[in-house]
Amino acid sequence: MIEERVTRPSPAPPGPLFSRAAVVASCAGFVLIGALQALYGPAIPALRAEFGLSPSAAGLGLSAHFVGGVAGVLLFDRLYGRAGNRRVLGSSYLLMAVGAAGFALAPDWPTALAAALLAGLGFGGIDYGLNQLFAVGFGHRSTAMLNILNAHFGIGAILGPAVIGAVGSEHYPAVFLVFAAVNLPLLLCLRGVRNQAPVAAAERTGGTAVLGRSLGSVLSVFVVLYVLHVGIEAGVGGWEPTHLETVGYGAGVAATATSVYWLMMTAGRFLVAPLALRFSAQAIITVSCAGMTVCLLAAAVPALAPYAYAGVGLFIAPIFPTGLPWLNRAAPRARRAGALVIAASMAGGVAAGPALGKAIEWSGVRAVPLLLCGVSALCLTAALWLIRATRSR
């Protein structure tokens, strides 16, 4: 069972957690972490040519980034509530900038991997720190603000490859150096972040009751929900082009459809923000999981596949940001809960590729949407279980 912390952060003084400038800077920070994650893939051709790498060795750059990300989430969770918010976020931005610059200037591949790990450490700190603070810092608007924040991650993920494509992969060092430099002005905006860790309203009032279930069981199912849905996100992004080409679409159409999938994911988070002010997180996530399952089933029909994958992007979009406020209410005193699910989401992205690849070896590429549909059905089951286990008093 996951241990429940009893130590509470100090009550925060009155006033907003973020100034308007700090909110804008936080959204810019999420654009940057989205771009950083997406820069490694387009740089692979140049990395292979420069360091004489095999495809699998070149792919280790992104793996090192994710390993650093998980470590960053867990490390900065230990500091959250102990070190000031500005120090945690400032250290994360600096680590990401230093790591990105080191990756650009690395003289050999082991040094580049170490730099990617360092950049990932800062990435994890920003991802965890801002998600955690947005989840507790805006009251009833936290779900809406989290969706807006994470939508900017998608903007960065779209812009990163576009920049590499425009300048050419051989110029990836310049892109990483510019990226490192752009991090630094955000440090000036940290003055608009309140330094004390806030206490979530759910923690002050008792939040929701976990009826007949242990805290460990509830947190475990949240982790399962996050691992599976991020696995679907990565699985569609990685295998949609191959599946569409296998069922008869041209390479250009397949690539365009995959771009639309990522665009719909970004748009979905902006669209759900006003809905989050009217509907509960539980309702939004349940509808999202159900819609995602239906769309993946429809993607098995070749004529519907490109449109169905776009629907998957739309429905999957709110799950990550909307689940965090629900988690805070369900387990208000389990302070490590947010870190666990965010780290789990990164682990899900890493594990999705090999796991889905092995399943496709057995069943064939045409079965991709059906395999993912089965995983999505498990997400829906997890969401329904959590609704029953975290009913309000």
>> With just the Cα atoms defining each centre, how far is segment 356-372 from segment 281-330? Give it in Å.
In response: 20
> What does the accessible area of L95 come to, in Å² to the nearest 10, when a probe of 1.4 Å is used?
Replying inline: 50
> Using the alpha-carbon centroid of each, what span in Å lies between segment 209-260 and segment 106-165?
Replying inline: 19
> From the residues F179, L60, L113, which one has its Cα farthest along the dipole of segment 46-202 in the positive direction, the dipole being from +1 and -1 charges on Cβ of Lys/Arg and Asp/Glu about the Cα centre?
Replying inline: F179
> Say a paramagnetic label sat at a point 7 Å from the Cα of S259, along Cα to Cβ; which residues of segment 149-170 have their backbone N under 17 Å from it?
Replying inline: 154-169
>> Let me check something: with ligands and nucleic acids excluded, how do E170, E233, E245 order by accessible area (1.4 Å probe), largest to smallest?
In response: E170, E245, E233
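Working out 0.36 nm times the residue gap between R366 and L105, then minus their Cα-Cα distance, what length gain in nm do you get to one decimal?
Working: separation 261, 0.36 × 261 = 93.96 nm, distance 4.21 nm.
Net length gain for the segment: 89.8 nm.
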>> Under 10 Å, Cα contacts only: if you run a Gaussian network model on the chain, which one of W362, W262, W109 comes out with the highest mean-square fluctuation?
In response: W362
>> Could you report the chain's accessible area per residue, 1.4 Å probe, as an integer in Å²?
In response: 41
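Could you order T256, T293 so the one with the most accessible surface comes first? Probe is 1.4 Å. Could the numbers behind the result be given before it?
On the way: T256 85, T293 25 Å².
Largest to smallest exposure gives the sequence T256, T293.
Classify the chain from the C-alpha gyration tensor, please: rounded if a/c falls under 1.5, else prolate or oblate depending on whether a/b exceeds b/c. Working shown, then result.
Values: a/c = 1.77, a/b = 1.13, b/c = 1.57.
It is oblate, given that a/c is not under 1.5 and a/b is not larger than b/c.
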> Which shape class, rounded, prolate or oblate, goes with segment 282-331 when its Cα gyration tensor gives a ≥ b ≥ c as root eigenvalues, a/c under 1.5 marks rounded, and past that a/b bigger than b/c marks prolate?
Replying inline: prolate
>> Just to be sure I understand the model, the point goes 7 Å from the Cα along the line to the Cβ. What's the resulting A174 to A355 distance in nm?
In response: 4.1
> Just P274, P321, P16 to compare: in a GNM of the chain, with alpha carbon springs under 10 Å, which one fluctuates most?
Replying inline: P16
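The values are calculated or read from the model by the stated rules, or taken from the named source; none is laboratory data. Note that this is a predicted model, so its numbers are computed, not measured. A quick note on method: Cβ atoms are made from the backbone with ideal geometry, for glycine too, and the neighbour counts reach across all protein chains shown. The area values use the complete protein model at the heavy-atom level, side chains included, leaving out ligands, DNA and RNA. Shrake-Rupley method; radii C 1.70, N 1.55, O 1.52, S 1.80 Å.
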